[in-house]
Amino acid sequence: MTDLKKSYQIEIAGVGGTGVLTAAALIGNSALIQDIYVVQSEIHGMAQRGGVVNTEIRLGPVSGPLIPDAGADVLLSFELGETARAVRKIKPKVGYVIMNSHIIVPPSLGIKKGAKYPEADSILALIKPYSEKVFLIDAFELAKEAGDLRTQNVVLCGALFAIPDFPLTIESLKQALNIQFRGKEKIIATNMKAFELGYNKMKELMK
Amino acid sequence: MTKQVTKMLLSGNEAFARGVLEAGVDIAAAYPGTPSTEIMETIAHFGKDTGMHAEWSINEKIAFEVALGASWSGLRSFTAAKHVGLNVAADSFFTAALFGGMKGGFVMVIADDPSFHSSQNEQDTRMYALAAHAICMEPSTPQEALDMTKYAYEFSEKWESMVVIRSTTRLSHSRGPVILGEIPKRETNKGEFIKDPAKFVCLPGNARRTKPLLLAKMDEIKDYSSKSQWNVVEKGKDPLLVITSGVSYLYVKDSVQEMGIDPTIYKIGLSNPMPEAKIIELLKEHPECLIAEEVEPYFELKVKALAAENGIKVKIYGRKEKVIPISNELNPLILKESLSKVMKKEFEAVGKGLPTQTEINELLPNRPPELCAGCPHRSTFYAIKKATRKRQIKPIMPGDIGCYTLGFMAPLNAVDTTVAMGASIGIANGLAHATDQQIIPVIGDSTFFHTGIPALVNAIVNKAKFVLVVMDNHLTAMTGGQPTPELGYGAFGEPAGVVMIEQVCKGIGIKNLWIVDPYDHDKTIEVMGEALDCNDLAVVISRRDCALEYSRKMRRAKETMDTYYTDEEVCIGCRTCVRDFACPAITFDYEKKKSHVDESVCVGCSVCRSICPYDAFTKR
C-alpha cells in the first residue's frame with residue numbers, strides 16, 4: 001500500500017462538454033494504479049446541457065466525496081470565469097489555481113442587448129485574494145498545437161502533474177490514458193502530446 | 001469489468017449494477033431517470049452475454065411489475081428508478097410489500113436527489129419504505145453499494161420480501177475503489193410460477209389475512225436489525241452519540257477527523273425496520289445525540305419517540321433544533337458546523353475577508369442549462385411561437401419532463417407548467433375545461449409513452465380541446481439517450497418491437513394528426529397554424545433526431561456535418577437570431593455588429609436560415 005499520509009484534494013471546474021468527467025477519470029484511475037485511496041464526485045444530468053460542471057477528487061485519508069470550502073490543494077479550471085465560481089474551494093494562500101485562459105460564452109448572454117463576458121482582469125481580481133499561486137494557461141492554443149481542440153482538458157491535466165509534490169506520477173497517468181482510450185493509438189498519442197505541452201508550460205510558468 | 005481485474009474505480013451506480021450481476025440476477029427492468037440511469041445502462045452493457053433479460057420498460061410501474069413477476073416465478077429480479085419514479089410504481093409497490101412472496105430475491109435501488117440537482121422535488125424514499133413496511137437499506141460508498149446489493153438478494157429470499165436500497169445523488173454519482181467479485185455462470189433463466197391465489201391475489205380477504213403476518217415479520221426483522229452487520233457502532237471517547245447513514249456518515253467521518261473529536265458513531269445501513277433495541281441501548285449510554293441524515297427527519301422522529309417512550313434523559317439534536325438544515329443535501333462543512341454547535345466548540349467560518357460567492361456570481365454570466373445547438377425542440381418551440389403570434393393567440397403551454405422543459409428558459413419562455421411525467425396532457429385536460437384559452441401541451445416521445453397516452457385517451461372521452469405537440473426526437477435524451485418504443489432496439493441493442501406515436505394516436509381516434517420535420521421551419525409554422533385553426537383536439541408530431549445523437553452518429557460514421565456561417569455583407573445586426581432564437585452556436589459580435597456562427601458547434605440544422613429576416617446565414 002502506497003497510500004498518502006495526508007489528503008490531497010483537487011477541484012475541477014468547467015462547463016458541460018469541456019471534458020471535466022474524462023479528466024476526473026484519468027486522475028482517478030492514476031490514483032487507483034498507484035494504490036492511493038481515491039473518492040470523487042460528479043454531477044450529471046441537466047447540468048450537462050451547457051451548465052456548470054464541477055468534479056471533486058480526493059486522494060488519501062478521506063471519507064466522503066465532497067471537498068469542503070477551503071479544502072482543495074488545487075483548483076483546476078477548464079474555463080476562465082468558472083475558476084472564480086469555484087474559487088472558494090481553494091485552501092487560502094497555499095492552494096494552486098491552474099486555469100484555462102480560454103472563455104466559453106454562454107448563449108443566454110446574447111439575449112440581453114450589450115451584455116458582455118466580463119474582462120479577464122476583473123475575474124482575476126476575484127481569484128487572486130484567494131491564492132498566491134495562480135497560473136493562467138492558454139489550453140485552447142496548446143490543444144490546437146497537439147492537434148485536437150478537445151484535448152484542452154488533458155493539457156490542463158499536464159499542468160496539474162507539474163505541481164511540486166503532486167502525489168500522482170506521469171507513469172500512472174500514461175497507464176490511465178491507455179485504459180481510457182483502449183486501442184485508440186492515435187487518440188492516445190494526441191492526448192499524450194497535449195499532456196506534455198501542458199506539463200512543460202506549467203514548469204515554465206513556475207520558474 | 002473483466003474477471004482478472006479485482007479493483008476498479010466505480011461510481012455508486014456502476015457498483016450497484018456490478019452487485020446485481022454478481023448476484024446472478026435473471027431479470028432487470030428500469031425506466032431512466034437521473035441520478036439512477038447508469039445502473040441499468042451498466043447492467044445492460046455487462047450483462048449482455050450472461051443470458052439474463054434486461055429491458056428499458058415504458059415506465060417505472062411496469063419495470064417494477066416486470067421484476068415482481070420474475071420474483072414470483074422464482075427468479076432473482078431487479079429494478080431501479082429515481083425517487084419520483086417510485087411514485088409512478090407506488091401502487092404496485094405498496095401491495096407487493098404487503099403480500100411479499102418473493103421466491104427469487106427482489107431488490108430495487110431508488111436514487112434520491114437531495115438538493116434537487118436534477119429533480120422536481122426532494123422526497124425521501126425511506127418514508128415510502130416506512131409507510132409500505134418494506135425493508136430498506138442505505139449504503140455509503142460504492143464498495144458498500146456492491147456488497148449491500150449482493151447481500152440484499154439473500155436477505156430478500158430469506159424473508160420473502162423485497163428490499164429497497166436507498167441511494168442519493170452523491171453516492172450514485174461519486175466514484176471510489178471497488179473490489180469486484182465473480183459474475184456467476186448461469187444454466188437457465190427460466191423460473192416457474194406456482195399458483196397460490198391466497199398469496200398473489202390481493203382481494204380484501206387475502207390482504208386482511210396477510211397484514212398481521214407482514215407486521216409480525218417486520219417485528220422479527222427489527223430485532224434482527226439491532227444485530228445486523230450493516231448497523232455498526234464505532235465507539236468513541238466523547239459523550240456525544242451521532243446517528244447517521246448513507247453519505248452523511250462519510251461527512252461525519254471527515255468532520256470528526258478534521259476537528260479532532262471522538263464521538264460514538266452509529267452508522268445505520270439497515271434502516272427499515274430500524275434497530276430500535278440498539279438505539280435505546282446507545283441513547284442510555286450518551287447524554288447527547290446528533291442525528292445526521294439527508295432529506296426527511298426519518299431517524300430523528302423515531303429516535304426522539306424511543307427516548308420519550310423509554311424515559312431516557314438524552315438531548316437529541318436534529319432539524320427541530322435547527323442543528324441540521326431542513327432542506328438540501330448535507331456536506332462536510334455543514335456537519336462541522338453542526339458538530340461544533342452540539343459540542344459547543346468554536347466554529348470559524350472559512351473565507352473571511354475574501355470575495356464572497358455572491359460578489360463572484362454577480363460578475364459572472366449565468367450558465368443555465370440550455371437546449372443544444374441544432375436542437376429540434378428549439379425549432380418546434382419557435383414555430384409554435386410564430387404560428388400563435390400570427391393569430392394573436394397567447395397560448396397556455398403545459399410542459400413535461402425532458403430536455404424540452406428547458407423551453408422554459410428565455411428567450412423561448414414557452415413552458416407554463418411542469419409537474420410530473422405525462423402531466424402536460426393531464427393538466428391540458430383540466431385547462432381546456434376550465435378556460436377559453438388556447439392550450440398547447442408539449443411532451444417528448446419517451447414521456448408520451450411513459451404516462452401521456454392515458455391522458456390523451458381521457459381528452460377524447462371527455463371532449464377536451466387542445467393542440468398536443470409531441471416533440472419526438474427519437475430518444476430518451478435528457479438521461480443520456482436510451483431507446484424509445486419507436487426505435488426498435490432494446491437495452492442490449494438487440495432488435496425490439498416497434499410502436500409509433502401516430503399508430504397510437506390513430507388507434508385511439510385522433511382525427512386531426514400531423515407529422516412534421518421541425519428543421520422544415522416554414523412547414524412547421526404552417527402545420528401548427530392548421531392544427532390551431534381546426535378548433536378541435538389535434539396532435540402534431542414534430543419529428544427529428546436529437547441533435548446530440550445526430551452529431552454522435554456522424555462522428556461515428558466519420559462524416560462531416562454541414563455548417564452555416566454569417567454572410568457579413570447581408571447581416572444588418574438586427575440580433576433576431578441571438579435575441580429570439582438563441583442557438584448556442586450563434587453569438588453576436590458587438591464590435592462588428594454582426595452575428596457569428598461557431599462552426600465547431602453548428603450541426604447544420606439550417607433553421608437559422610429560416611428565422612433570419614435577411615437571409616444572412618449561408619451554407620459552408
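The figures follow:
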| item | result |
| --- | --- |
| Given charges at beta-carbon only (K, R positive; D, E negative), |dipole| of the stretch B:231-343 in Debye | 260 debye |
| Long-range HN-HN contacts of residue B:136 with modeled amide H, under 5 Å | B:164, B:271, B:272 |
| Trypsin sites (Lys or Arg not before Pro) within the stretch B:244-335, DSSP loop, no more than 14 other Cβ atoms inside 10 Å | B:313, B:320, B:322 |
| Theoretical gain in end-to-end length, residue B:589 to residue B:561 [0.36 nm per residue, Cα-Cα removed] | 7.6 nm |
| Estimated [θ] at 222 nm from DSSP helical runs (n ≥ 4, -39500 (n - 2.57)) normalised by residues in chain B, nearest 500 | -11500 deg cm²/dmol |
| Cα-centre dipole for the stretch B:564-619 with unit charges at Cβ (Lys and Arg positive, Asp and Glu negative), debye to 20 | 160 debye |
| Relative contact order for chain A, counting Cα pairs under 8 Å that sit 6 or more residues apart, in percent | 21 percent |
| Pairs beyond 31 Å (Cα-Cα), from A:184/B:61; A:133/B:341; B:394/B:506; A:6/A:144; B:558/B:619 | A:184/B:61; A:133/B:341; A:6/A:144 |
| Value of relative contact order over chain B, rounded to a whole percent, pairs C-alpha under 8 Å and six or more apart | 11 percent |
| Using alpha-carbon coordinates, inclination of helix B:376-390 to the longest axis of chain B, degrees | 50 degrees |
| Rounded FRET efficiency, nearest 0.05, which uses the C-beta distance separating residue B:417 from residue A:206 and R0 of 60 Å | 0.65 |
| Virtual spin-label span in nm between residue B:284 and residue B:328, 7 Å along Cα→Cβ | 4.1 nm |
| Extension gain, residue B:194 back to residue B:533 (0.36 nm per residue minus Cα-Cα distance, nm) | 116.4 nm |
| Inter-chain Cβ neighbour average for residues B:292-300, partner chain, 10 Å | 0 |
| 23 Å Cα-Cα threshold exceeded, pairs from A:5/B:344; B:385/B:463; B:253/B:344; A:5/B:267; B:385/B:593; B:322/B:344 | A:5/B:344; B:385/B:463; A:5/B:267; B:385/B:593 |
| Candidates per trypsin sites (Lys or Arg not before Pro) in the stretch A:1-101, loop by DSSP, up to 11 other Cβ within 10 Å | A:5, A:6 |
| Residues in the stretch B:267-297 reached by a label modelled at residue B:223 [backbone nitrogen below 20 Å; 7 Å Cα→Cβ] | B:270-282 |
| Lys, Arg +1 and Asp, Glu -1 on Cβ, resulting dipole of the stretch B:474-620 about Cα centre, debye, nearest 20 | 380 debye |
| Solvent-accessible area per residue, Å², over the stretch B:1-86 with all protein chains present [probe radius 1.4 Å] | 28 Å² |
| Sulfur and carbon atoms: percent of accessible area, chain B [1.4 Å] | 53 percent |
| Distance between modelled label sites at residue B:506 and residue B:394, nm, 7 Å Cα→Cβ extension | 4.0 nm |
| For the stretch B:189-303: span of alpha carbons on each principal axis (Å, largest first) | 60, 36, 25 |
| Gained length - residue B:349 relative to residue B:549, 0.36 nm times residue gap less alpha-carbon distance | 67.4 nm |
| Trypsin sites (Lys or Arg not before Pro) within the stretch B:163-231: DSSP coil, no more than 13 neighbouring Cβ in 10 Å | B:185, B:186, B:190, B:195, B:227 |
| Whole-number D in µm² s⁻¹ for the stretch B:376-549, Kirkwood Cα-pair radius fed into Stokes-Einstein, 4 °C, 1.567 mPa s | 82 µm²/s |
| Inter-label distance, nm, simple model (7 Å from Cα along the C-beta direction), residue A:125/residue A:112 | 1.8 nm |
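The values are calculated or read from the model by the stated rules, or taken from the named source; none is laboratory data. Computed from a prediction, not measured in an experiment: that's the story for all the values here. Because the Cβ atoms are built from the backbone with ideal geometry, glycine has one as well, and the counts that use them run over all protein chains shown. Ligands, DNA and RNA are stripped out before the accessible areas are found, and what is left, the full protein with its side chains, is counted by its heavy atoms. Shrake-Rupley method; radii C 1.70, N 1.55, O 1.52, S 1.80 Å.
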